[in-house]
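Following: one structure in structure tokens, then a few remarks.
The values are calculated or read from the model by the stated rules, or taken from the named source; none is laboratory data. Since the model is a prediction, treat every value here as computed from it, not as a measurement. So basically every Cβ, Gly included, is an ideal-geometry build from the backbone, and we count neighbours across all protein chains shown. Quick note on the areas: whole protein, heavy atoms, side chains included, nothing else; ligands and nucleic acids left out. Shrake-Rupley method; radii C 1.70, N 1.55, O 1.52, S 1.80 Å.
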Amino acid sequence: MSFEQFSFHLDLTKQFFRTGDLDRAEYHVRCFLEEVEHEEAYFYLGLVQNSQGKWEEALHSYYKAVSINHEYGNPCNEIGVVLLRMGKDRDAIYWLKKSIRCAQNDALHISYFNLATLYKLWNRPERSLQYLHKAMEIKKDFPEAWKMWESLQEGSNPSTNSN
């Protein structure tokens with residue numbers, strides 16, 4: 001079989017993942033991975049596992065994707081998000097920053113937003129605003145970023161905090 005024939009499974013994985021059919025998505029990505037080791041397939045397997053709450057398994061899949069392609073930022077971002085959920089903030093920041101340095105990142109604005117979120121949690125609004133600004137430069141129509149921007153701006157304005 002050719003790579004194109006195997007990639008049919010990856011296309012189905014993406015389709016089923018987008019519609020929330022995680023069982024079918026996992027089946028097709030595993031069929032693909034039985035024949036071809038591919039960073040995007042491991043990334044999607046990680047997304048499925050993460051959506052199922054299997055964080056350790058998801059991390060393993062994301063790490064495998066990065067080991068295949070060190071310049072693939074999407075799994076680096078997801079590693080950061082999972083580590084953040086696990087309370088491993090220091091490890092998360094390494095991976096989130098790595099994701100913005102990678103040459104291949106399909107959603108760079110999300111990586112910046114996640115860094116902004118982390119700095120907001122650490123009560124570092126100035127750093128959070130810097131990363132939000134970068135996210136909004138990349139994607140002007142980013143409602144979550146604008147909402148956090150406004151929240152941080154209100155919190156840093158002393159006139160809004162009095163009486």
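Would you please name the GluC sites (Glu not before Pro) within the stretch 1-55 that are DSSP coil residues with at most 10 other C-beta atoms within 10 Å of their C-beta? Working shown, then result.
Values: sites: 4, 26, 34, 35, 37, 39, 40; in loops: 37.
Here no loop site has a sparse enough neighbourhood.
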On each of the three principal axes of the Cα atoms of the chain, give max minus min coordinate, whole Å, ordered largest first. 68, 29, 29
For the pair residue 7 and residue 122, the simple spin-label estimate (label points 7 Å beyond Cα toward Cβ) gives in nm 4.0
For residue 101, what accessible surface area do you get with a 1.4 Å probe? Give it in Å², rounded to 10. 150
Taking every other residue with Cβ under 14 Å from the Cβ of residue 119 and scoring Lys and Arg +1, Asp and Glu -1, one gets +4
Springs between alpha-carbon pairs under 10 angstrom, Gaussian network model over the chain: which of 83, 12, 59 fluctuates most? 12
Counting helices only, and only those DSSP H runs with n ≥ 4, report the 222 nm mean residue ellipticity of the chain as the sum of -39,500 (n - 2.57) divided by its residues, in deg cm²/dmol to the nearest 500. -25500 deg cm²/dmol
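What accessible area per residue, rounded to a whole number of Å², is obtained for the stretch 23-98 using a probe radius of 1.4 Å?
Numbers: 3530 Å² over 76 residues.
Result: 47 Å² of accessible area for each residue.
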Report P(r) for the stretch 100-156: all Cα-Cα distances, bin width 10 Å, range 0 to the bin holding the largest distance, values in whole percent. 28, 55, 16, 1
Label point distance in nm, residue 70-residue 89, each placed 7 Å from Cα along Cα→Cβ: 3.0
